[in-house]
Amino acid sequence: MSSVLSAYHQRVAQEKRALIVTAATALFLELGYDRTSLARIAERSGVSRATLFKQFPSKAALFDAIVTESWSTADEDDPPPAGNVVDGLTTIGRRYAALLSRPQMTDLFRIVIAELPRFPELAHAQFSQGKMPYFESVRGYLLAEHEAGTVRVEDVDLAATQFLGMVSNYVFWPKLLVPGWEVSAARVAQVVDEAVRTIAARYAATGPGASTND
C-alpha cells in the first residue's frame, strides 16, 4: 500500500510541477519576468503558494526548470547509432528539428530575448543549462566517430556548429521571428537530409572531402 501511495503522490507532484511551469512560462511572456511574482504563478497554476515554494523557492529556480524541460527529450538516453555517420547524424538532426519545433522552445527564446537587457542571467542559464549540454552531446558523437575513423574531423566544435546551424537556420529562427511561419514535415526531413549529406561529404574519412591536415 505504501508503494502505491508513494507512486500516487509522486504523480500528483509531477502534475502540479507541470502546471506551475506552464503557468510561469505564460506569465513571463505576458507580463515579463520582473513583473511576474511567484504568488501570481501559484494563482494561475491553481496550486497553493506552499506547494509552489516547496518545488521552486525562487523565480530563478523556476526559470531553470523551464530551460531544462524545454531542452529535454524522451530519447536523450538513447544514443544515435555509431559506426555510420549518415545514420547517426540523421537521427540527431531529426531529433533536433523536433526539439526546435516545440512551442516551449520558441517561448523560452522569446523570454530570454525580451529580458536580456535587464536580466542577462536568464540568457546565461539558457545557454549553460540548455544549449551547451545539447551541443556537447552532438560534439561528443562527432568526436567518437572521428576517433573510430568513420569521419575525419579536426575541429569537432566547428563541425557540430555547422550541422546544428544548417537545421536551426531553416526550422527555428524564421519561426521565432515571423508570425505564422510553418515548415512541412517533408521539408524538415529534406533540410535534415541535406545537412547530413553536407557534413558527411565535408568530413569523409576518405575521398575528396577528407581533410589532409594532421
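The values are calculated or read from the model by the stated rules, or taken from the named source; none is laboratory data. Bear in mind the structure is a predicted one, so any value in this text is a computation, not a measurement. Neighbour counts run over all protein chains shown; Cβ positions are idealised from the backbone, glycine included. Note: accessible area is taken over every heavy atom of the protein model, side chains too, but ligands, DNA and RNA are not part of it. Shrake-Rupley method; radii C 1.70, N 1.55, O 1.52, S 1.80 Å.
Criterion first (modelled with pLDDT of 95 or more, more than 24 Å from PHE63 (Cα to Cα) and more than 17 Å from the chain's Cα centre (by Cα)) does ALA160 satisfy it? It is false that ALA160 is modelled with pLDDT of 95 or more, more than 24 Å from PHE63 (Cα to Cα) and more than 17 Å from the chain's Cα centre (by Cα). Across the stretch 126-156, the qualifying residues are those that are in contact (Cβ under 8 Å) with a residue 40 or more places away in the chain and outside any helix (DSSP H, G or I), and the one among them that is most open to solvent (accessible area, probe 1.4 Å) is GLU154. Total residues in the stretch 87-109 satisfying the condition of being open to solvent by 10 Å² or more (accessible area, probe 1.4 Å), in contact with a Phe, Trp or Tyr (Cβ under 9 Å, 6 or more places away or on another chain) and in a helix (DSSP H, G or I): the figure is 3. Within the stretch 16-28, one or more residues are farther than 18 Å from LEU122 by Cβ, free of Cβ contacts under 8 Å to residues at least 24 places away in the same chain, of a type outside the set (Val, Ile, Thr) and open to solvent by less than 50 Å² (accessible area, probe 1.4 Å).
Among the candidates ALA201, ALA189, ALA185, the residue that is loosely packed, with under 14 Cβ neighbours inside 10 Å, of a type in the set (A, V, I, L, M) and within 16 Å of ALA97 (Cα to Cα) is uniquely ALA185.
The set of residues in the stretch 113-125 that are open to solvent by less than 20 Å² (accessible area, probe 1.4 Å) and not charged (D, E, K, R) comprises LEU122, ALA125.
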